Amino acid sequence: MSEPSPPTAPRPDLRDLTREELRTFVATLGEPSFRGDQIFRWLWKRGARSFDAMTDLPPALRAKLATTAAIGSVEAARIDVSGDGTRKFLVRLSDLRDVESVLIPEGDRMTLCISSQVGCALACQFCATGTMGLLRNLTPSEIAGQVLLAHEELLARPHGGHPDRDRPITNLVYMGMGEPLHNYDNVLASLRILTDEQGLGYPPRRITVSTVGLVPQMSALGEAIAVNLAVSLHAPNDDVRGSIMPINRKWPMAALLAACREFPLGTRRRITFEYVLLAGVNDQLAHAEELAHALEGLRCKVNLIPWNEHAGAAFTRPTMVAVRAFEQRLMLLGVDTTVRTTRGRDIDAACGQLALSNRGATRA
Ligand code: SF4
């Protein structure tokens with residue numbers, strides 16, 4: 001009887017690698033490092049899905065790559081288009097798990113919101129994704145691949161039925177499923193890939209990473225790359241925040257706001273504080289006053305998000321009168337404030353909702 005053959009190591013996904021790492025990888029194959037630059041451009045600028053497509057590489061190298069490496073990609077299991085032009089992607093990963101991306105046309109901008117984890121460990125009480133727990137981290141390839149997928153969709157259907165919404169992606173936000181800084185290494189690698197001028201070349205100032213406030217990773221991110229930061233604050237004090245966001249026990253508001261004050265902002269940027277308004281929980285005028293006081297001296301703006309009700313949720317949406325009163329009180333106290341109109345409500349485009357509503361079809 002012949003011996004069973006030993007398991008073969010999985011081939012590395014070259015889309016997980018920054019350009020620097022690709023240069024190192026090709027060196028291990030005995031190739032000059034500029035081949036790494038060439039492959040990087042094929043992967044990210046030209047969206048190549050096979051090594052055969054990389055026609056300016058020597059055939060022998062293409063053959064070698066085909067046996068030693070892989071090109072990862074994510075697929076759109078479904079794309080829903082909202083009446084307001086928002087397009088929501090149910091993104092299928094190679095293990096048949098799903099996450100979501102949302103393409104949002106707004107004024108001159110086309111913003112793509114991408115996911116960083118399948119599910120999320122942080123269990124914010126108001127968040128649909130938080131009920132799933134963390135299933136796994138996305139790889140750099142899967143995070144940045146969501147951008148390629150949206151590019152392909154925009155090439156195939158430039159305006160998606162909305163001729164006035166025909167424009168390329170201008171902004172990226174890491175605000176989909178998951179806590180980006182809980183998957184720090186892969187998120188940072190994806191940022192290096194997406195901002196590389198030999199690839200998609202997004203300027204860091206057009207990218208926003210959101211966090212519930214993982215303090216050490218916030219500092220590390222600020223030192224590593226000059227992207228924008230959005231902090232999910234959602235409360236004016238530790239009592240309220242602790243009751244809806246378990247992370248507040250580990251990193252209370254004083255530590256979080258100190259990290260915000262130290263976050264390097266350059267000359268023109270400011271931190272965005274996200275604040276979901278939950279009726280009777282954090283939407284009182286006294287809360288607005290306490291919030292304005294807590295944010296004193298910070299270069300920031302507050303983005304109010306009236307709670308988007310979904311089946312099974314324990315919260316209710318405040319009236320628009322209450323939302324406007326909260327906004328006005330903050331403005332009166334000198335805090336730049338906007339109210340986010342929820343885009344794509346008819347296609348469930350709030351955080352985590354599409355992937356949740358498809359869980360029955362998802363093999364986990
Ligand atoms: S709000 Fe963000 S951090 Fe909190 S559970 Fe949802 S995805 Fe996770």
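No lab work stands behind these numbers, since they all come straight from the coordinates. From a predicted model like this one, the values you see are computed outputs, not experimental measurements. Counting neighbours? That spans all protein chains shown, and the Cβs are built from the backbone with ideal geometry, glycine included.
Whole angstrom only: what separates the Cα centroid of the stretch 96-162 from the Cα centroid of the stretch 44-61? Using only Cα atoms, the two centres lie 27 Å from each other.
Counting alpha carbon pairs within less than 8 Å and at least 6 residues apart, what relative contact order, in whole percent, applies to the chain?
Working: 653 pairs, mean separation 55.2, N = 364.
RCO, the chain: 15 percent.
Remark: the stretch 78-95, residue by residue, has Karplus-estimated 3J(HN,Hα) of 6, 10, 9, 10, 7, x, 8, x, 5, 10, 10, 9, 8, 9, 8, 8, 5, 8 Hz, where x stands for each Gly or Pro and the curve is 6.51 cos²θ - 1.76 cosθ + 1.60 at θ = phi - 60°.
So, counting K/R as plus one and D/E as minus one, what does the shell of residues with Cβ under 14 Å around residue 124 add up to?
Details: positive: 241, 249, 250; negative: 179, 274.
Its environment carries a net charge of +1.
Take 103-113, 56-66, 142-152 and order them by the average number of nearby Cβ atoms within 10 Å per residue, most first; the result is 142-152, 103-113, 56-66. Taking a ≥ b ≥ c as the square roots of the eigenvalues of the alpha-carbon gyration tensor, the chain is classed prolate because a/c is 1.5 or more and a/b outweighs b/c. Annotation: lysines with alpha-carbon distance below 28 angstrom to residue 45 (same-chain offsets under eight excluded): 64, 88. For residue 339, the residues 5 or more places off, or on other chains, whose built amide H falls under 5 Å of its own are 304. For the chain, no complete DSSP H run has alpha carbons reaching 27 Å or more along its own long axis together with a mean Kyte-Doolittle score of 1.6 or higher.
Arrange 234, 182 by Cβ neighbour counts within 10 Å, fewest through most, would you?
Numbers: 234 24, 182 19.
So the ranking, lowest neighbour count to highest, is 182, 234.
Counted by Cβ distance under 10 Å from residue 66, the other residues give a net charge of +2, where Lys and Arg count +1 and Asp and Glu count -1.
Assign unit charges at the C-beta atoms only (+1 for Lys and Arg, -1 for Asp and Glu), then state the dipole size of the chain relative to its Cα centre in Debye, rounded to the nearest 20.
The calculated dipole for the chain is roughly 380 debye.
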